[in-house]
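The values are calculated or read from the model by the stated rules, or taken from the named source; none is laboratory data. Fair warning: this is a prediction, and the values are worked out from it, not measured in the lab. When we count neighbours, we look across all protein chains shown, and the Cβ atoms used for this are built from the backbone with ideal geometry, even at glycine. Protein only, heavy atoms only, side chains kept; ligands, DNA and RNA dropped before computing areas. Shrake-Rupley method; radii C 1.70, N 1.55, O 1.52, S 1.80 Å.
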Amino acid sequence: MAKLPKPEELSKIDYKPPKTGCGWRETPVQFKEGMYCFGSRPKYLEEVGFPNAREWKPNEEDWKLPENWKDIILDGLKERLEKYRSFRLFMDICVRCGACADKCHFFIGSGDPKNMPVLRAELIRSVYRKYFTPGGKVFGQWAGARELTYDVLKEWWYYFYQCTECRRCSVFCPYGIDQAEITMIGRELLNLIGCNTDWIAGPVANCYRKGNHLGLEPHAIVSNLEYMIDDIEEITGIRVDPSFNRKGAEILFVTPSGDLFGDPGTYTCMGYLMLLHEIGIDYTWSTYASEGGNFGFFTSMEMAKRLNYKIYAEAKRLGVKWILGGECGHMWRVVHQFMDTWNGPADFLEEPVSPVTGTRFENAKTTKMVHIAEFTADLIKNGKIKLDPSRNDHLKVTFHDSCNTSRGMGILEEPRYIIKHVCNNFYDMSKNATREKTFCCGSGSGLNAGENMELRMRGGFPRANAVKEVKEQHGVNMLANICAIDRAVLPTLMDYWVPGVSVCGTHELVGNALVMKGEKKRTMDLRLETLPGMEDSEEEE
Amino acid sequence: MYIEELLTEKKRVIVRKWFDLTIETYPEETRNFLKTPAEQSANPVAETIHSALQGLFNGIINKETTGTGVASYLDNVVRIRAIQDFTPTQAVGFIFGLKDVIREELMNDVRRHGMYEELMAVESGIDRMAAAAFDIYMRCREKIYDLRANEVRNWTYRILKQSNMLREHEGEGI
Ligand code: SF4
Ligand code: SF4
């Protein structure tokens with residue numbers, strides 16, 4: 001941390017930033033601690049066959065790149081320009097209208113102009129112009145083109161890992177230019193020369209080998225769930241009895257592994273266990289396809305495809321009819337927008353039909369995978385579960401739309417519908433900060449590491465600010481969501497910006513309100529905390 | 001004539017200039033955005049700063065330069081600047097901009113009415129605010145480190161608890 005100045009120094013400070021006198025193109029990137037993640041360890045890259053595995057540090061001069069790194073990147077860029085028509089279009093059609101400029105949470109929170117989406121895209125676009133357009137080849141910087149240098153490469157790395165691929169900017173772009181996809185390709189190119197982050201590469205390798213980000217082995221998964229089952233029994237008097245790896249079950253349930261071990265995700269997981277028990281469906285967990293999330297998506301399309309395939313391979317092995325997925329964000333972006341082209345159609349599965357209501361999930365016709373928010377909303381709509389929302393009366397709830405489920409696949413109403421049925425106090429945030437215009441948590445797309453905490457607090461500020469507004473207006477004390485990354489990172493964000501607001505998955509609220517057949521009188525919520533008004537009955541016991 | 005009356009009279013222009021000066025601490029390309037009025041949720045940094053500066057200036061007028069009200073306005077701004085690209089001095093230095101603006105706006109009147117002592121009292125109030133801002137800045141920076149540690153703890157708590165790695169007093173083991 002920097003040294004504190006003396007009082008006499010203080011009165012003389014110049015509060016204007018020094019004029020650099022040169023444009024953004026010529027200003028080399030400064031690696032600032034707290035703003036970037038550690039470089040990936042070689043073992044993780046080796047495990048999945050990624051190139052240039054070596055020890056390296058992003059803030060060091062020498063990144064230990066292969067000698068021909070520039071050719072690798074330019075060849076990779078060429079290949080992708082040919083392969084993805086959308087990418088080529090995004091490179092060509094931006095008219096620099098600036099509509100996206102102030103829409104990125106990282107720009108809003110940091111004030112760093114290079115976090116304007118249009119400039120983030122320009123990082124790669126300027127190189128594209130230089131090597132792939134006649135104007136750029138001839139006129140160079142006059143045509144907005146620039147050479148791919150070591151500094152430019154470092155700048156790519158720094159700023160493509162300051163974009164959460166949230167797509168908020170694209171909502172405002174008149175041409176629909178999707179910066180998230182530009183970032184994805186930028187990261188994919190960087191991966192060609194081994195420039196990844198440890199926080200992403202680790203989970204990818206773990207998931208590839210053991211089926212989940214943490215590398216939890218089957219017995220650990222079962223024992224984690226059993227631990228929750230004990231808690232459920234303590235709260236409700238009912239012992240739920242899920243099955244694992246059971247062949248012939250009708251439905252395979254897959255959720256992000258964050259729900260299996262990290263609070264408050266575990267409470268959400270208890271909610272799933274209770275609900276799926278209560279409606280008595282024929283379903284199974286898998287200890288092999290034990291990860292809904294897909295960090296491969298933050299490295300390359302190919303890696304994402306490999307990890308996504310594991311879920312479908314397991315569904316095939318077990319012979320289930322369809323897949324029910326837990327509350328996750330990017331898992332659903334992958335399923336909704338990419339899975340079909342990579343690994344689909346999943347012909348060996350059936351079009352999902354709710355065994356309880358008979359509802360046919362036509363939106364999942366080819367992917368055969370249904371989001372639990374849709375599934376539960378349908379149960380409620382058809383009156384198939386009994387709910388006592390007053391058990392959540394101690395909570396004043398608002399809802400954070402995760403970027404992936406809202407902008408990525410249009411799940412906007414279902415979670416709100418559920419929350420309004422399981423809680424009596426729900427307050428939406430400002431329309432600028434919800435639904436399609438939702439602000440990112442600031443830690444998505446693999447940026448939820450610890451070493452880049454400053455970056456996360458900057459990026460998360462617009463979201464936190466909107467929460468603060470409803471806290472001040474309505475006394476909101478709970479921030480619900482349907483994403484495991486949100487459950488992991490929003491508590492930290494709240495702790496810094498809006499203390500006093502907790503975070504929960506939507507199915508934790510469902511679990512609290514769910515009236516189960518034969519249950520004992522509830523005196524505790526899923527966190528084993530005494531429900532208001534039940535203090536006496538606790539003592540009686 | 002009291003200096004507070006002059007300050008009240010010129011409140012709008014002083015706060016506006018102070019705000020502009022504070023925004024000058026951001027990169028050139030960003031200033032326009034920060035200076036354009038918008039809804040709080042669309043431009044939270046600028047709106048937070050603007051309303052905090054107003055609150056702090058009211059504090060100066062009302063001679064309330066310490067206490068929880070002032071602290072919470074300072075916190076709103078410093079909390080933001082503590083995680084932006086500023087050195088500690090820059091992060092809280094915006095407060096001294098108010099001295100410059102007040103001198104610029106009131107110097108003639110101060111001379112005419114011989115209110116030097118009153119001006120000095122106002123400036124001491126600003127210094128008190130700056131000192132408080134530094135404490136807040138330090139707390140924010142410490143908090144960033146705590147956040148990291150707490151997050152790791154939340155993530156691994158269950159696993160450690162299950163494997164009996166926590167001692168009797170929950171949490172002591174980590
Ligand atoms: S995709 Fe999201 S994080 Fe990336 S530039 Fe656009 S708004 Fe910013
Ligand atoms: S809104 Fe679209 S066209 Fe306009 S500057 Fe941004 S990316 Fe370019």
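Just for region A:93-136: of the residues that are among the polar types (S, T, N, Q) and closer than 21 Å to A:Lys154 by Cβ, which one is farthest from ligand 1 (Cβ to nearest atom)?
Step by step, filter region A:93-136, then rank; the result is A:Ser126.
State whether the residues of region B:9-28 include one that is more than 26 Å from B:Met107 (Cβ to Cβ), in a helix (DSSP H, G or I) and modelled with pLDDT under 95.
yes
Can you tell me which residue within region A:172-195, out of those that are under 18 Å from A:Asn294 (Cα atoms) and among the polar types (S, T, N, Q), is farthest from ligand 2 (Cβ to nearest atom)?
Top of the filtered list is A:Asn191.
Is there any pair with a first residue in region A:438-461 that is basic (Lys, Arg) and a second that is open to solvent by less than 10 Å² (accessible area, probe 1.4 Å) and within 16 Å of ligand 2 (Cβ to nearest atom) whose Cβ atoms are under 9 Å apart and which are 6 or more apart or on different chains, and what are they?
That search, which allows pairs on different chains as well, returns A:Arg458/A:His105; A:Arg458/A:Phe106; A:Arg458/A:Ile108; A:Arg458/A:Asn115.
Can you pull out the residues in region A:283-333 that are surrounded by 24 or more Cβ atoms within 10 Å (Cβ to Cβ) and of a type in the set (Ser, Thr, Tyr)?
Within region A:283-333, A:Ser286, A:Ser290, A:Thr299 qualify.
Just the residues that are at pLDDT 95 or above and basic (Lys, Arg), please, taken from region B:36-86.
If the condition is that a residue be at pLDDT 95 or above and basic (Lys, Arg), then B:Arg79, B:Arg81 are the ones that fit.
Every residue in region A:223-245 that is under 14 Å from A:Ser290 (Cα atoms) and at pLDDT below 95, please.
Matches in region A:223-245: A:Ser223, A:Asn224.
Checking the condition modelled with pLDDT under 95, of a type in the set (D, E, K, R), open to solvent by 10 Å² or more (accessible area, probe 1.4 Å) and under 16 Å from A:Thr236 (Cα atoms), which residue from A:Glu541, A:Glu529, A:Glu519 passes? Steps first, please.
Working: A:Glu529 fails: modelled with pLDDT under 95; A:Glu519 fails: modelled with pLDDT under 95.
A:Glu541 is the lone residue from the list that is modelled with pLDDT under 95, of a type in the set (D, E, K, R), open to solvent by 10 Å² or more (accessible area, probe 1.4 Å) and under 16 Å from A:Thr236 (Cα atoms).
Can you find, within region A:137-172, the residue that is least open to solvent (accessible area, probe 1.4 Å) among those that are in contact with a Gly (Cβ under 8 Å, 6 or more places away or on another chain), within 15 Å of ligand 1 (Cβ to nearest atom) and farther than 21 Å from A:Met35 by Cβ?
Residue satisfying both the conditions and the ranking: A:Ser170.
With the requirement that a residue be among the hydrophobic types (A, V, I, L, M, F, W, C) and within 12 Å of chain B (Cβ to nearest Cβ), what does region A:200-224 give you?
A:Leu214, A:Leu216, A:Ala220, A:Ile221, A:Val222, listed by residue number.
Please identify the pairs in which a residue from region A:404-417 that is under 10 Å from A:Thr438 (Cβ atoms) and of a type in the set (A, V, I, L, M, F, W, C) has its Cβ atom under 8 Å from the Cβ atom of a residue that is open to solvent by 10 Å² or more (accessible area, probe 1.4 Å) and outside any loop (DSSP other than H, G, I, E, B), counting only partners at least 6 apart or on another chain.
What qualifies is A:Leu412/A:Arg435; A:Leu412/A:Glu436.
Residues to consider are A:Pro51, A:Pro28, A:Pro58; find the one that is in a loop (DSSP other than H, G, I, E, B), away from ligand 2 (no atom under 13 Å from the Cβ), in contact (Cβ under 8 Å) with a residue 60 or more places away in the chain and over 24 Å from A:Ala201 (Cβ atoms).
A:Pro28
Determine which single condition A:Pro264 fails, assuming it passes every other condition in (1) under 26 Å from A:Ala513 (Cβ atoms); (2) out of contact with any strand residue (DSSP E or B) (no Cβ under 8 Å at 6 or more places or on another chain).
(2)
Does B:Ala149 satisfy the criteria of being within 9 Å of another protein chain (Cβ to nearest Cβ), without any contact (Cβ under 8 Å) to a residue 24 or more places away in the chain and either farther than 30 Å from A:Leu214 by Cβ or within 13 Å of the chain's Cα centre (by Cα) (or both)?
Against the criterion (within 9 Å of another protein chain (Cβ to nearest Cβ), without any contact (Cβ under 8 Å) to a residue 24 or more places away in the chain and either farther than 30 Å from A:Leu214 by Cβ or within 13 Å of the chain's Cα centre (by Cα) (or both)), B:Ala149 does not qualify.
Can you find even one residue in region A:339-348 that is buried (at least 24 other Cβ atoms within 10 Å of the Cβ) and in contact (Cβ under 8 Å) with a residue 40 or more places away in the chain?
No, there is no match, as no residue in region A:339-348 is buried (at least 24 other Cβ atoms within 10 Å of the Cβ) and in contact (Cβ under 8 Å) with a residue 40 or more places away in the chain.
Within the set of pairs 6 or more residues apart or between chains, which connect a residue that is within 14 Å of chain B (Cβ to nearest Cβ) inside region A:164-182 to a residue that is near ligand 2 (Cβ under 9 Å from one of its atoms) with Cβ atoms less than 7 Å apart?
A:Arg168/A:Lys103; A:Cys169/A:Cys100; A:Cys169/A:Lys103; A:Cys169/A:Pro117; A:Cys169/A:Gln179; A:Phe172/A:Ala99; A:Phe172/A:Cys100; A:Phe172/A:Lys103
Identify, please: which residue in region A:423-436 is at the interface with another protein chain (Cβ under 9 Å from one of its Cβ atoms) and either in a strand (DSSP E or B) or not hydrophobic (A, V, I, L, M, F, W, C) (or both) and is, among those, surrounded by the fewest Cβ atoms within 10 Å (Cβ to Cβ)?
Restricting to residues being at the interface with another protein chain (Cβ under 9 Å from one of its Cβ atoms) and either in a strand (DSSP E or B) or not hydrophobic (A, V, I, L, M, F, W, C) (or both), the top hit is A:Lys431.
Test A:Gly446 against the stated conditions and say whether it is within 14 Å of another protein chain (Cβ to nearest Cβ) and either surrounded by 20 or more Cβ atoms within 10 Å (Cβ to Cβ) or within 16 Å of the chain's Cα centre (by Cα) (or both).
Here the answer is no, as A:Gly446 does not meet what is asked.
Every residue in region A:91-113 that is open to solvent by less than 20 Å² (accessible area, probe 1.4 Å), within 16 Å of ligand 2 (Cβ to nearest atom) and within 14 Å of chain B (Cβ to nearest Cβ), please. Please lay out each step first, then the result.
Filtering region A:91-113 down to residues open to solvent by less than 20 Å² (accessible area, probe 1.4 Å) leaves A:91, A:101, A:104-111, A:113.
Checking which are within 16 Å of ligand 2 (Cβ to nearest atom) leaves us with A:91, A:101, A:104-108, A:113.
Result: A:Ala101, A:Cys104, A:His105, A:Phe106, A:Phe107, A:Ile108, A:Pro113.
Might you let me know whether region A:468-488 holds any residue that is more than 16 Å from ligand 2 (Cβ to nearest atom), free of Cβ contacts under 8 Å to residues at least 60 places away in the same chain and open to solvent by less than 30 Å² (accessible area, probe 1.4 Å)?
We begin by selecting, within region A:468-488, every residue more than 16 Å from ligand 2 (Cβ to nearest atom); these are A:468-488.
Restricting the remaining residues to those that are free of Cβ contacts under 8 Å to residues at least 60 places away in the same chain gives A:468-469, A:471-473.
Still in the running and open to solvent by less than 30 Å² (accessible area, probe 1.4 Å): none.
Within region A:468-488 (the criterion being more than 16 Å from ligand 2 (Cβ to nearest atom), free of Cβ contacts under 8 Å to residues at least 60 places away in the same chain and open to solvent by less than 30 Å² (accessible area, probe 1.4 Å)), the answer is no, since none of the residues qualifies.
With the structure loaded, tell me whether A:Gly460 is among the small types (Gly, Ala, Ser), part of a loop (DSSP other than H, G, I, E, B) and farther than 21 Å from A:Met409 by Cβ or whether it fails that test.
no
Of the residues A:Asn196, A:Asn224, A:Asn206, which is more than 16 Å from ligand 1 (Cβ to nearest atom), among the polar types (S, T, N, Q) and open to solvent by 30 Å² or more (accessible area, probe 1.4 Å)?
After applying the criteria, what remains is A:Asn206.
Would you mind finding the one in B:Arg112, B:Arg141 that is assigned to a helix (DSSP H, G or I) and closer than 26 Å to B:Lys10 by Cα?
On inspection, the qualifying residue turns out to be B:Arg112.
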